[in-house]
1. Among the residues of the stretch A:112-130, which ones are more than 28 Å from residue A:8 (Cβ to Cβ) and within 9 Å of chain B (Cβ to nearest Cβ)?
2. Check the stretch A:74-81 and report whether any residue there is more than 9 Å from chain B (Cβ to nearest Cβ), assigned to a helix (DSSP H, G or I) and under 27 Å from residue B:159 (Cα atoms).
3. Which members of the stretch B:116-171 meet the condition of being within 14 Å of chain A (Cβ to nearest Cβ) and more than 30 Å from residue B:93 (Cβ to Cβ)?
4. Determine whether residue A:133 is over 19 Å from residue A:32 (Cβ atoms), under 23 Å from the mean Cα position of the chain (by Cα) and either more than 14 Å from chain B (Cβ to nearest Cβ) or of a type in the set (Gly, Ala, Ser) (or both).
5. How do the strands (runs of 3 or more DSSP E) wholly within the stretch A:209-263 filter down when requiring 1 or more residues that are outside the structural domain of residue A:44 (by TED's automatic domain parsing) and aromatic (Phe, Trp, Tyr): which remain?
6. For the condition away from chain A (no Cβ under 14 Å), more than 15 Å from residue A:122 (Cα to Cα) and crowded, with 21+ Cβ neighbours inside 10 Å, what is the one hit in B:243, B:217?
7. (1) more than 10 Å from chain A (Cβ to nearest Cβ); (2) within 30 Å of residue A:108 (Cα to Cα); (3) crowded, with 20+ Cβ neighbours inside 10 Å: which one isn't true of residue B:186, the others all being true?
Amino acid sequence: MKCVVIGGNVKVLGKAVHALSRIGDELYVEPTENGLSLRAVNSSRSAYACFLFAPLFFQLYEAGGPDAHGELFRCKVLMKTFLAIFRSLPSLEKTVSKCLISLNPRASRLVVQLHYKYGVTKTHNLSFQECELLQAIFDKQLCTSTLCASARVLVDAVVHFPVTLAEVTLGVGPSGKVSLRNYVDEETEPSKTMVTELCLSEDEFQDVRVPQETQVTFCLKEFRGLLSFAESSNLPLSIHFDTPGRPAVFSLEDPLLEVHLVLATLADSNASSQAQTANGACHKCAADEDFAVDDLESYMIAMETTTVPLPVLWVSADTVAGQSSPYSQPRGAGRGQ
Amino acid sequence: MPLLLPAGAGAGAGAGAGADGSGARYVLVASLDKARHLSTMLRAVHFRDVATCVATANGLKAGIFQEFVVQEESVTFRINLTILLDCLTIFGTSSLPGTSTALRMCYCGYGYPLTLFLEEGGVVTVCKINTQEPEETLDFDFCSTNVVNKIILQSEGLREAFAELDMTSDVLQITMSPEKPYFRLSTFGNAGSAHLDYLKESDLMEVFQCNQTQTNRYKISLLKPSTKALALSCKVSIRTDTRGFLSLQYMIRNEDGQICFVEYYCCPDEDVAETEL
């Protein structure tokens, strides 16, 4: 695989790496026919992000030939090292004119080369590990609720929460009122906590399709990482969610770039023991496991780690929002990527 | 030449400092009307607590002093640099326009303390810092006739590079060559290698005189302290000799336009492994 990024897109790539670094410790690099995909997942499998850069994002994009199994070569590298290359975003913008990334399976290095002004070039030869395909199973079309807003609105909302806050609850009430509240554990003493709640009216959003009152709780840290990227890209952010316990999907789309962040959400309050598994042990999916069995109760996002197509995780939406409602039209163009 | 009499009693009195009436005779007197010039330079070499000061008639610092008199052929003493810096900046380190600290530095010779007279806004402070036995100064025996390769670069090209050096690498490898890659800095860290290449035609390159391809490795821990001098400098000269010894000369221009130089010497790392491409 070989690709070249020039001009302002170098900074976009850098910002994507920064957002991914908020998710996991390893960066999965996967060239595909549709472009270069950079992915990350956290250790408890409760957050997954994927940035897909279309071939047109690059000045040059060659995915490389498939190997004996018909697959394109993919690898993973240490996030810390990759991030160090793109660490200083202002300096990327000011001094880097070109970035070349090349991955040759036969060589043992991923090469990232930055061309600075004044004829200076920095070449990084990073060691990588081969890896299985990293793919979260989700389908936006099966999410009953959708919100769409400019990133600015959401950034201005989350700025009110302390930086250390772990989880936030997004709720949609009657008449389309959208609220954001810091999540407070049931075990915490009410007299020792401060609750902050922010309400946004429907007209701050570009689209609100929520069939019934609902609220979901997810981790704020990873969400902030995506928001920071979204704000600089000026793209509207869509949030697709369902009942508590099912993953929420945050996405940005434009012809050159597609971004998906999938976050697990806290299951219902009567299953408080499940909340303990929030940062629990990693749930590794073996290649041949049948996913359709018990993962509905799991806090973890199902991760597909092979290329064998597997059934979509959760049962279809008809068990959830059976009543018809003006808001429940399925969203078009959702892709189970 | 007669021994210099203390300030106020003879010709060549320094600016602004109070007279020392003790009748002591000085072997070294240096006066400076902006102590900051000296403290800035000393900070550039402040990576160990002690420094050996060698003053000769051609002392490196002679260019910035208004008065610099040395009685003996060379005056050497060891002094705690941290304390010296603290004294030089005793009136504070911020530089308000129109104010400056005047300095008169005096030394009577072996066994005597280094006396600093500092004055700002009519307030005089006298500091006496005990001096120590001078230790053997390393003589790298780096002479210009043995220089094989020489480059002068504008410092701004190296500052970020040095700040972002992969510190998991034990060594910094420097390649200088009349052919590609011309000038290359390489590190070999935990996650892989990194190479920073400068073209000889680069706008940052002021002088490029490389006769022979040389690749030398230096312990990165030895070179890291030089980043302080790099940050203050406008230009740096990088030279290697036939043994692979490295000389870094940083040209620092202070706010009055005076030029000073800070030099670093480093010997190559003994265990040289195969260069990783």
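The values are calculated or read from the model by the stated rules, or taken from the named source; none is laboratory data. Remember, predicted model here, so these are calculated numbers, not experimental data. Backbone-built Cβ (ideal geometry, glycine too); neighbour counts: all protein chains shown.
1. A:127
2. Scanning the stretch A:74-81, I find at least one residue that is more than 9 Å from chain B (Cβ to nearest Cβ), assigned to a helix (DSSP H, G or I) and under 27 Å from residue B:159 (Cα atoms), so the answer is yes.
3. Listed by number, the residues that qualify are B:151, B:166, B:168, B:169.
4. No; evaluated as a whole, the condition is false for this residue.
5. Fully inside the stretch A:209-263 and qualifying: A:214-219, A:236-241, A:248-254.
6. Answer to the check: B:217.
7. (1)
Yes/no per residue for (1) at pLDDT below 85; (2) exposed (fewer than 13 other Cβ atoms within 10 Å of the Cβ); (3) within 30 Å of residue B:156 (Cβ to Cβ):
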position	(1), (2), (3)
A:89	no, no, yes
A:101	no, no, yes
A:136	yes, no, no
A:148	no, no, no
A:156	no, no, no
A:165	no, no, no
A:194	yes, yes, no
